[in-house]
Amino acid sequence: MNGVLPVLKPPGMTSHDVVAFVRRLTGEKRVGHAGTLDPGAAGVLVVCLGRATRLVQFLKDDKEYRAEVTFGCSTTTGDASGEVVFEGRAEDLTAARIEEALEAFRGEIWQVPPMTSALRHRGQRLYELARRGIEVERAPRKVHIHALRLVRTEGLGTPRPRALLDITCSAGTYVRSLCADLGKSLGCGAYMSFLLRTRAGIFTLHQCLTLEEVREAARAGRLEEALTPAGEALAHLPRVVVRPAARERVLCGGVLFWPGVKEAPPALQEGELVRLYDGEEFLAVARATGDPSHPGRHYFQPVRVMGEK
């Protein structure tokens, strides 16, 4: 079973739990996900099966979220599961003040990864250290907030007002850190009280199957029909069609030279990744390199071959 399955992860399960669930149902040993989603969060989790697990690093990896922020206090974890470590006055908070503060978080920003993240420190996950009460220094990381919109506010004038935010961001963005930093900039503290991932790469919420639907499809022998083929999951990469005589060379990882190219986009960039196809069969992801002796022509070095196993 090979392909990509967008799953609606429920709150209370880890991303690894969902992968294990799919692995048990399908009997497929090669199952992985394309980006962790917090245990308390819900939404799109992209699960790869079989040979599609080879392509995780090439999947489009920007994300969209709807987040609820609660103002008036900060927590140890940056979300509702942590202990309160700071309380501030939020009764005078207004939508205009929140909107003004959001401006500083649009575009490229620096974030310190939370201790609840899955990043490693000397071989150990940060969240494993946090569970033992250990906090270590983390280097700030640059992320990109493509869009940040205030959807609505609730409870203004109370000690714990809330706001809903729609966020489009690069991979590696920590929404809980964004919420905590927003509260810090307003001087009242804040934490992420709920998180819903509405898109991961090309996959949106309405494309996802619930775990119940995944189970039913597996029992009915229809789960494979729900998988997005690996090549389609990489639709953001240009498509190059090889001549049949070059197929075996590509599958062996050999360079595809221009005489073996049947069709190619006219304006490829140096080093750009492409999908190599033989007709409708997806063969490999390859990197384009310009041919200095023939301007406009390229040769293609496979960087990930699909193969048969």
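The values are calculated or read from the model by the stated rules, or taken from the named source; none is laboratory data. None of these values were measured; they are calculated from a predicted model. As a convention, Cβ positions derive from the backbone with ideal geometry for all residues, glycine included, and neighbour counts pool all protein chains shown.
Those strands (runs of 3 or more DSSP E) of region 57-150 in which at least 2 residues are over 22 Å from the mean Cα position of the chain (by Cα), crowded, with 18+ Cβ neighbours inside 10 Å and not aliphatic (A, V, I, L, M), considering only elements entirely within it, cover 63-71, 73-75.
Residue-level check: of (1) among the small types (Gly, Ala, Ser); (2) without any contact (Cβ under 8 Å) to a residue 12 or more places away in the chain; (3) closer than 20 Å to LYS184 by Cα, ALA67 misses just (2).
Return the residues of region 227-236 that are crowded, with 18+ Cβ neighbours inside 10 Å and of a type in the set (A, V, I, L, M); say none if nothing qualifies.
Of everything in region 227-236, those that are crowded, with 18+ Cβ neighbours inside 10 Å and of a type in the set (A, V, I, L, M) turn out to be LEU227, ALA230, ALA233, LEU234.
Residues are listed down the side, and each one gets a yes or a no for (1) among the aliphatic types (A, V, I, L, M); (2) more than 30 Å from THR153 (Cβ to Cβ); (3) in contact with a helix residue (DSSP H, G or I) (Cβ under 7 Å, 6 or more places away or on another chain):
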{"site": "ARG176", "(1), (2), (3)": "no, no, no"}
{"site": "GLY187", "(1), (2), (3)": "no, no, no"}
{"site": "ALA190", "(1), (2), (3)": "yes, no, yes"}
{"site": "LEU196", "(1), (2), (3)": "yes, no, no"}
{"site": "HIS206", "(1), (2), (3)": "no, no, no"}
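Cβ-Cβ distances below 6 Å connect the following pairs, each with a first residue in region 161-180 that is outside the structural domain of ASP38 (by TED's automatic domain parsing), a second residue that is acidic (Asp, Glu), and a separation of six or more residues or different chains: ARG162/GLU68; ARG162/GLU154; LEU164/GLU68; THR168/GLU64; SER170/ASP62; ALA171/ASP61; ARG176/ASP79.
Would region 241-251 turn up any residue that is among the small types (Gly, Ala, Ser) and surrounded by fewer than 18 Cβ atoms within 10 Å (Cβ to Cβ)? Full working, then the answer.
Going residue by residue through region 241-251, those that are among the small types (Gly, Ala, Ser) are 245-246.
Cutting the leftovers down to surrounded by fewer than 18 Cβ atoms within 10 Å (Cβ to Cβ) gives us 245.
Looking for residues that are among the small types (Gly, Ala, Ser) and surrounded by fewer than 18 Cβ atoms within 10 Å (Cβ to Cβ), one finds at least one in region 241-251, hence yes.
Of the residues GLY221, GLY155, GLY187, the single one that is in contact with a Pro (Cβ under 7 Å, 6 or more places away or on another chain), farther than 15 Å from GLY78 by Cα and surrounded by fewer than 18 Cβ atoms within 10 Å (Cβ to Cβ) is GLY155.
Would you check if LEU268 is in contact with a Leu (Cβ under 6 Å, 6 or more places away or on another chain) and assigned to a loop (DSSP other than H, G, I, E, B)? No, not satisfied. Just to be sure, is GLY253 assigned by TED's automatic domain parsing to the domain that holds ALA96 and on the phi > 0 side of the Ramachandran plot? Against the criterion (assigned by TED's automatic domain parsing to the domain that holds ALA96 and on the phi > 0 side of the Ramachandran plot), GLY253 does not qualify. The C-beta contact set for region 1-27 (first residue closer than 10 Å to LEU37 by Cβ, second residue basic (Lys, Arg), distance under 6 angstrom, 6+ apart or interchain) comprises VAL18/LYS9. Working only within region 256-265, note down all residues that are part of a strand (DSSP E or B) and either assigned by TED's automatic domain parsing to the domain that holds ARG54 or buried (at least 18 other Cβ atoms within 10 Å of the Cβ) (or both). Passing the criteria: LEU256, VAL261.
The set of residues in region 15-41 being surrounded by fewer than 17 Cβ atoms within 10 Å (Cβ to Cβ) and among the hydroxyl-bearing types (Ser, Thr, Tyr) consists of THR36 alone. The numbered conditions (1) within 22 Å of LEU165 (Cα to Cα); (2) modelled with pLDDT under 95 are all true for ARG51 except (1).
Tallying residues that are in contact with a Leu (Cβ under 7 Å, 6 or more places away or on another chain) and farther than 21 Å from ALA233 by Cβ within region 11-39 yields 1.
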